[in-house]
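> Once you've had a glance at the structure underneath, I'll fire off some questions.
The values are calculated or read from the model by the stated rules, or taken from the named source; none is laboratory data. None of these values were measured; they are calculated from a predicted model. Reconstructed Cβ throughout: ideal geometry from the backbone, glycine too, with neighbour counts over all protein chains shown. Quick note on the areas: whole protein, heavy atoms, side chains included, nothing else; ligands and nucleic acids left out. Shrake-Rupley method; radii C 1.70, N 1.55, O 1.52, S 1.80 Å.
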Amino acid sequence: MGFIPSDRKNDPIAMGISFVDDLISRSFFQIKLNRGSNKILTMHDLIHDLASLIAGNECFTLQNNASTDVLFSSHLRHLYGCPFVPINTQFALRSFYYVSNLESGYLTGLIKRKENNIFADLTGLIKSGILQYLKVLDISKGCPPYLCESIGYFKHLRYVSFSQPKIPESVCLLYNLETLQNKLGGFVESQLPMDLCWLISLKHLIVPSYSVNLIPVGISRLRNLQTLSVFAVCHDNHGASLAELKELNNLKRKFCITQLHHLTCDRTTEAEEACLSKKEQLTHLTLDWTYVPVSASISHEQVLNYLRPHTGIQTIEICNYSGRMYPDWLGDRQFSRISTVKLTSCYYCEKLPSLGELPCLKHLYLSNMPELKCIGSEFYGNSNVSFPLLETLRFGHMPDWAEWWTGEGDANLFPCLVNLELVGCSMLNKSFSVINMPSLKTVSVGHCDKLTIEGRESHPHLQVNKWINYTWKCI
């Protein structure tokens, strides 16, 4: 939309985030959590009224107390929450958030009945090319068939958002498109257009992580791509090979690779050719094998070894991994920025990686490892201080874990640990001492009947919670 100046030196998204952070610090925006525990930005009523006053006739949001006078202004540029477009704004409109009649409520019908000759039919506007200057189109709250089929007419679109299982092929005619988003909820399968590679200006491809089963061939041509929310490895030649990631070195922030189980022994080199170590701007990496085989897999070990990220990575999640061992790079002290590690459903792993030497690790989550029987000294590494900044440590659902080595004498382990949680570790038979954990504030224990906690007298303010009748209770 041109609100943020762009040049080669500064990333517009980074600048935009800094602007929003500044507005939050000045209380222009307020952060709240929605039902899905996601952060959303809200605005105080007084601030909203001031912003509306300054925006004048350029913006309109359909709501129960809104004045409809703005709808008839030739200066209207941004329209939110309508199933129609006023005739006067046909040439001026730059952003349009479409909402169906059902979603927009009774006010829409009232306006249309009262001013029937004021509002144009969208079908006619699309065919005539009158909306050709539209740059932002959000049809995630309802998408009429004619609008979906005609999306290719909007040649100047920079952003388009859907919420449907199949994104139309006509999207691939939008050569200026920079952001393509699908807000489809749940685990409904989402299909990307097969000619996606023609969107040479595309910078952000945002789709639900676990709804995509195939990435179209040729995605390596999208050299400007900065956001790729998920890459699903295909089991045959109909989709893109993981090796196509080699050319996408501008990827930033969060990235997820799913269906890695398709990389059988004859395809493990695809992981090496992906060259994740060259993607220096990634901060959050998720590797998910999705399907767990009936026995341990050597190919999983080879693939994970090849998928070594850049040392600047901050968060690593590994799910459904079926190798017996972890690669040496996981726990290498060169990864000096890692703050969070999650190892989930690694069913055949018998030993944990040496994570104690990661200098900035703050949060460690380990769960669903039925083959793990012992956590020994190798977990802590060879440093004088192990887990120097770790604040949160969670163990969950390790039914055969029986031994936990926690050092000897004055071993300096977990000096900054605040929260410790152990759930579903029924075989862990140990008198666990908290004396050498000076920062510990909370210990939560569930279904670990053989575990006892010693040294509570050294922590007078220590809170111990126990999982009783599906709820945590302080004991």
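> Would you be able to tell me the number of residues in the range 374-399 that are closer than 16 Å to residue 341 by Cβ, open to solvent by 10 Å² or more (accessible area, probe 1.4 Å) and either among the hydroxyl-bearing types (Ser, Thr, Tyr) or modelled with pLDDT under 90 (or both)?
Residues that pass the stated criteria total 3.
> Let me ask you something else. Do we have residue 416 as in a loop (DSSP other than H, G, I, E, B) and under 28 Å from residue 347 (Cβ atoms) here?
Details: in a loop (DSSP other than H, G, I, E, B): yes; under 28 Å from residue 347 (Cβ atoms): no.
So residue 416 fails the test.
> Scanning for something over 26 Å from residue 163 (Cα atoms), in contact with a Phe, Trp or Tyr (Cβ under 6 Å, 6 or more places away or on another chain) and modelled with pLDDT of 90 or more, does the range 233-243 turn up at least one residue?
No, the conditions are met nowhere in the range 233-243.
> If you check every pair at least six apart or on different chains, which have Cβ atoms under 8 Å apart with a residue in the range 371-397 that is outside any loop (DSSP other than H, G, I, E, B) first and a residue that is β-branched (Val, Ile, Thr) and at pLDDT 85 or above second?
From residues that are outside any loop (DSSP other than H, G, I, E, B), the pairs are 392/418; 394/423; 395/423; 396/423.
> While we're here: Would you check which residues across the range 292-325 are open to solvent by less than 20 Å² (accessible area, probe 1.4 Å), among the hydrophobic types (A, V, I, L, M, F, W, C) and in a loop (DSSP other than H, G, I, E, B) and list them?
Selection gives 307, 313.
> When you go through 371, 350 one by one, which is the residue that is at pLDDT below 90 and closer than 19 Å to residue 425 by Cβ? Spell out how you get there, then give the answer.
Working: 371 fails: at pLDDT below 90.
Among 371, 350, only 350 is at pLDDT below 90 and closer than 19 Å to residue 425 by Cβ.
> Same structure, new question: Farther than 21 Å from residue 349 by Cα and either touching a Ser or Thr at 6+ places or on another chain (Cβ under 7 Å) or not aliphatic (A, V, I, L, M) (or both) - does that describe any residue in the range 362-380?
Taking every residue of the range 362-380 in turn, at least one turns out to be farther than 21 Å from residue 349 by Cα and either touching a Ser or Thr at 6+ places or on another chain (Cβ under 7 Å) or not aliphatic (A, V, I, L, M) (or both).
> Select from the range 284-329 the residues that are out of contact with any Gly (no Cβ under 9 Å at 6 or more places or on another chain) and small (Gly, Ala, Ser) and list them in ascending order.
Of everything in the range 284-329, those that are out of contact with any Gly (no Cβ under 9 Å at 6 or more places or on another chain) and small (Gly, Ala, Ser) turn out to be 295, 312, 322, 323.
> Next question, about the same structure. Please give the number of the condition residue 422 fails out of (1) part of a loop (DSSP other than H, G, I, E, B); (2) in contact with a Cys (Cβ under 7 Å, 6 or more places away or on another chain).
(1)
> Further, regarding this structure: Taking into account only those residues within the range 466-475 that are modelled with pLDDT under 80 and in a strand (DSSP E or B), which is nearest to residue 367 (Cα to Cα)?
Residues of the range 466-475 that are modelled with pLDDT under 80, as a first pass: 467-475.
If we keep only those that are in a strand (DSSP E or B) as well, we get 467-468, 471-474.
On the way: 467: 17, 468: 20, 471: 19, 472: 19, 473: 22, 474: 23 Å.
Within the range 466-475, the match that is nearest to residue 367 (Cα to Cα) is 467.
> Considering the range 41-72 alone, what residues qualify as being among the hydroxyl-bearing types (Ser, Thr, Tyr) and at pLDDT 65 or above? Write out each step before concluding.
Residues of the range 41-72 that are among the hydroxyl-bearing types (Ser, Thr, Tyr), as a first pass: 42, 52, 61, 67-68.
Scanning the range 41-72 gives 42, 52, 61.
> Something else now. Scan the range 440-465 for residues that are part of a loop (DSSP other than H, G, I, E, B), under 25 Å from residue 397 (Cα atoms) and either hydroxyl-bearing (Ser, Thr, Tyr) or open to solvent by 50 Å² or more (accessible area, probe 1.4 Å) (or both) and report the count.
Final tally of qualifying residues: 4.
> Which members of the range 199-228 meet the condition of being open to solvent by 10 Å² or more (accessible area, probe 1.4 Å), in a loop (DSSP other than H, G, I, E, B) and over 11 Å from residue 182 (Cα atoms)?
Selection gives 200, 201, 203, 210, 213, 214, 217, 218, 223, 224, 226.
> Another question, then. Answer yes if at least one residue in the range 326-334 is of a type in the set (S, T, N, Q), open to solvent by 50 Å² or more (accessible area, probe 1.4 Å) and in contact (Cβ under 8 Å) with a residue 24 or more places away in the chain, and no otherwise. Break it down into steps so the answer makes sense when it comes.
Restricting attention to the range 326-334, the residues satisfying the condition of being of a type in the set (S, T, N, Q) are 334.
Adding the requirement that they be open to solvent by 50 Å² or more (accessible area, probe 1.4 Å) leaves 334.
Remaining after also requiring in contact (Cβ under 8 Å) with a residue 24 or more places away in the chain: none.
Checked the range 326-334: no residue is of a type in the set (S, T, N, Q), open to solvent by 50 Å² or more (accessible area, probe 1.4 Å) and in contact (Cβ under 8 Å) with a residue 24 or more places away in the chain.
> What is the residue count in the range 137-196 for residues that are in contact with a Leu (Cβ under 7 Å, 6 or more places away or on another chain), under 19 Å from residue 212 (Cβ atoms) and at pLDDT 80 or above?
Counting residues in the range 137-196 that are in contact with a Leu (Cβ under 7 Å, 6 or more places away or on another chain), under 19 Å from residue 212 (Cβ atoms) and at pLDDT 80 or above gives 9.
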